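This report refers to the structure that appears directly beneath it.
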Amino acid sequence: MDFIKKFLCRLLLVIDSTILVIVIFILKDNSCINTEGNNGVFKLVLSIIGILMSIAIAKIAIKLTNYLDSDNLNPPYKDISDLNSSYLAAYLGYFFISLSINDYITLVIIYFFLLHIAYKTIYQYYNPIFVLLGYKFYSIKTEENIVVMVITKRYIRSNNTLKFNHLRRIHDGCYFDEEE
């Protein structure tokens with residue numbers, strides 16, 4: 001049963017980090033929208049529903065991190081970097097991908113391909129919805145030259161005494177910090 005909960009948590013984190021591809025495609029696509037009347041209002045409502053769904057998925061995934069394995073990181077660290085601005089290019093890529101897709105079959109194929117890649121990599125857990133919820137993304141290089149990503153609500157300024165005692169392992173090299 002724990003395996004299913006861990007898998008579901010990781011899957012929801014990946015879905016949530018990539019779901020904006022589908023939301024943007026639906027907003028761009030006019031085939032499912034009546035071109036007469038309040039098209040702009042409908043798209044606005046659809047956008048709000050998409051964002052609210054993404055927030056709900058993020059909150060469910062955060063709750064499910066309780067089922068992931070516990071871990072910790074302790075100093076000394078060689079380097080800690082803020083990753084929040086580094087992932088703008090990845091999200092612009094998702095944005096342009098969704099704008100270039102012309103039909104639902106292509107959307108499904110590309111989306112499942114993105115899901116598979118995102119599930120297998122550590123850094124694709126970056127999620128702009130988490131940023132809206134107050135989380136930050138940091139790259140931490142340990143003394144053993146191992147680089148990991150930590151998702152946390154803490155603002156990190158110094159790496160001299162920083163301890164992560166309540167981490168949940170999302171994936172090898174990617175952790176969710178339970179401390180606030």
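Structure values in brief
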quantity	calculated
Electrostatic dipole magnitude of the chain [Cβ: Lys, Arg +1; Asp, Glu -1; Cα centre; debye, to 20]	180 debye
Kyte-Doolittle mean at least 0.0 and Cα axial length at least 30 Å: DSSP H helices in the chain	39-64
Charge dipole of the chain about the Cα centre (unit charges at C-beta), most positive-ward option of 87, 150, 126	150
Net charge dipole size for the range 115-178 [Lys, Arg +1 and Asp, Glu -1 on Cβ; Debye, nearest 20]	200 debye
Relative contact order (percent, whole number), the chain, Cα cutoff 8 Å, 6+ residue spacing	31 percent
Apportionment of accessible area to carbon and sulfur, the range 62-145, percent (1.4 Å)	63 percent
Surface per residue (accessible, 1.4 Å probe) for the chain, Å²	56 Å²
Listed candidates (i) 34, 16, 15; (ii) 41, 22, 11; (iii) 23, 21, 16 - label of the one calculated as semi-axes √(5λ) of the Cα gyration tensor in Å	(i)
Around residue 175: net Lys/Arg minus Asp/Glu count, Cβ-Cβ under 11 Å	-3
Loop trypsin sites (Lys or Arg not before Pro), the range 142-173 (other Cβ atoms within 10 Å of the site Cβ: 15 or fewer; DSSP)	153, 154, 157, 163
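The values are calculated or read from the model by the stated rules, or taken from the named source; none is laboratory data. This one's a predicted model, so the numbers in the text were calculated from it and none came from an experiment. With ideal geometry, Cβ positions are generated from the backbone for all residues, glycine too; neighbour counts draw on all protein chains shown. For the accessible areas, the whole protein counts, side chains as well, though only heavy atoms, and no ligand, DNA or RNA atoms are used. Shrake-Rupley method; radii C 1.70, N 1.55, O 1.52, S 1.80 Å.
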